[in-house]
Amino acid sequence: MLRLLERLGLRFEDAVEERRFVDHFVHGNIAWTQIAMLLGAFTFAGYTLWDFVLYPEIVPTTLRIRGGTALFVLLPLTALLSTPARKWAEPIQLVFCVIPGCVLPTIYWVLPSGFTYSAAGMIIVILFVSTMLPLRTGSHAIFCATSWTALAVAESLAPEPLPPGLRFIDHSLVGNACLLSLYAVGAREVQARKQFRTAEALQREKERSEASLRDLHATQAHLVQAEKLASLGQLVAGVGHEVSTPLGLALTTSTAMEDDVEAIARMLGGGPVRRSDLTRGVARLQHGLQLTTQSLHRASEMVHSFKQVAVDQANETRQTFELHSWLADHITKLRPLLARQGLTVALSCPEGVVLTSYPGALGQVISILAFNAATHAYPGDMSGVFTVAVTQPLDRSVCITCADKGVGMPDHVRGRVFDPFFTTRREKGNAGLGLHIAFNLVVSTLGGRIELDSDVQQGTRIALEIPLTGPSKPAELELAAAP
């Protein structure tokens, strides 16, 4: 029997899945089921009106039967679904359906017309049960069999039985109603099982997708961390390479000066010293000190740049400032320095744009971009204009565009321009850290984005999109981000 139900789609092979479906199908909409049961109870009692229309004299009797059944059986069964007994919801609903089906034939005993209209009443009960209550096919079959049997027994015990032909027609109608309702309930259950299985499959797929997404995010985080460590390794290697040259030169020069000092000491301790020898020794020491100072200064600049790359702005607090006046003041300070390199600064900024951010970091970014334009966009003795334009395309952010009309960048330079220690002017002493520092400040400290657009002989345009309210705490050092 179970195999037949499984083939018909009225049962799942997996017992756990079957229990989940029954719980979903029967208990999924208890509130609506109770509303349907209340409607059924009042309808069963309300059919006393039909009795009044046809036979007013028997209304007290039929009202006691119908009303008593509704009041003392159907309504209490409905109320049981609001108690812990709701776990037996399907048996309760079955009893709710079977009792009216068995009580209804007894009403026809007291009607003067007898069982003449019994088929119509039974069909209405069957129609209500098949459409309003979530009975499964098996339970509905029990209801149909019980009600039909009650009708047959009641008819056989009636004082005035129906003629055989009319009785055959009544039972044919009731039997057809039972078969049609069983088909409808079965089709509804099969469809519900398909939908349940589809929903379960979708839920499992959703859970798998969410798990895959979590794994992807974890993998992405590991890749980002690996990239950070690789970038840090590249940065440290670059710093080591850059710092080793001036430190090595300083060490070599100091060693030579040490030999010169010992030579002078020997001359002074060995007797008369010629002035020319002493002058030559002092000159060598002065030259050595100059080289040592320059080398140590260069190494100090490298270390300072390395600290800037780390974007440690812990000492700067977030401030509220009006952007137009702040930019005007900052550019006023930059103009004399940029003018020496032939660069003119033009500012376009609407008034009234207020930021709550880190002006020190923003000022450092603007300065880096301006001096980078003076060095690279207009090399040699070229002069040009550096434009700072502010717009506010979105309510929560501001766009600061820094542009020049200089020589621009080829593709291979544009792709690496934010890399640490990448520069096209290393022979001029540039370390290649400026735009990398600017990128870290914009992203990590200001909480914004930076985009670059450049073509050869078409100039360079760098857009900074910065939120009006910056992050409450700047990003930590890249190394500190490692778990």
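The values are calculated or read from the model by the stated rules, or taken from the named source; none is laboratory data. This one's a predicted model, so the numbers in the text were calculated from it and none came from an experiment. Cβ atoms come from the backbone with ideal geometry, glycine included; neighbour counts cover every protein chain shown.
Values computed for the structure shown
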| quantity | calculated |
| --- | --- |
| Number of positions in segment 363-406 that are in a loop (DSSP other than H, G, I, E, B), in contact (Cβ under 8 Å) with a residue 24 or more places away in the chain and either surrounded by 20 or more Cβ atoms within 10 Å (Cβ to Cβ) or on the phi > 0 side of the Ramachandran plot (or both) | 2 |
| Flag for ARG284 being among the basic types (Lys, Arg), over 30 Å from PRO350 (Cβ atoms) and modelled with pLDDT of 80 or more | yes |
| Some residue of segment 37-51 being farther than 23 Å from SER147 by Cα and assigned by TED's automatic domain parsing to the domain that holds GLN203 | no |
| Subset of segment 149-193 (residues that are over 25 Å from SER113 (Cα atoms), free of Cβ contacts under 8 Å to residues at least 60 places away in the same chain and in contact with a Leu (Cβ under 8 Å, 6 or more places away or on another chain)) | SER181, VAL185 |
| Members of segment 134-150 that are surrounded by 19 or more Cβ atoms within 10 Å (Cβ to Cβ) and under 20 Å from THR78 (Cβ atoms) | PRO134, LEU135, ARG136, SER139, HIS140, PHE143, SER147 |
| Out of THR78, THR146, THR116, THR106, sole residue that is in contact (Cβ under 8 Å) with a residue 40 or more places away in the chain and part of a loop (DSSP other than H, G, I, E, B) | THR116 |
| Close pairs (9 angstrom Cβ cut-off, 6 or more residues apart or separate chains): touching a residue at least 24 places away in the same chain (Cβ under 8 Å) in segment 38-53, among the aromatic types (Phe, Trp, Tyr) anywhere | LEU39/PHE128; GLY40/PHE96; GLY40/PHE128; ALA41/PHE96; THR43/PHE128; PHE44/PHE128 |
| Top-ranked residue of segment 323-334 - restricted to ones that are surrounded by 14 or more Cβ atoms within 10 Å (Cβ to Cβ) and of a type outside the set (A, V, I, L, M), ranked as modelled with the lowest pLDDT | HIS330 |
| Options ALA119, ALA70: the member that is at pLDDT 90 or above and within 24 Å of SER139 (Cβ to Cβ) | ALA70 |
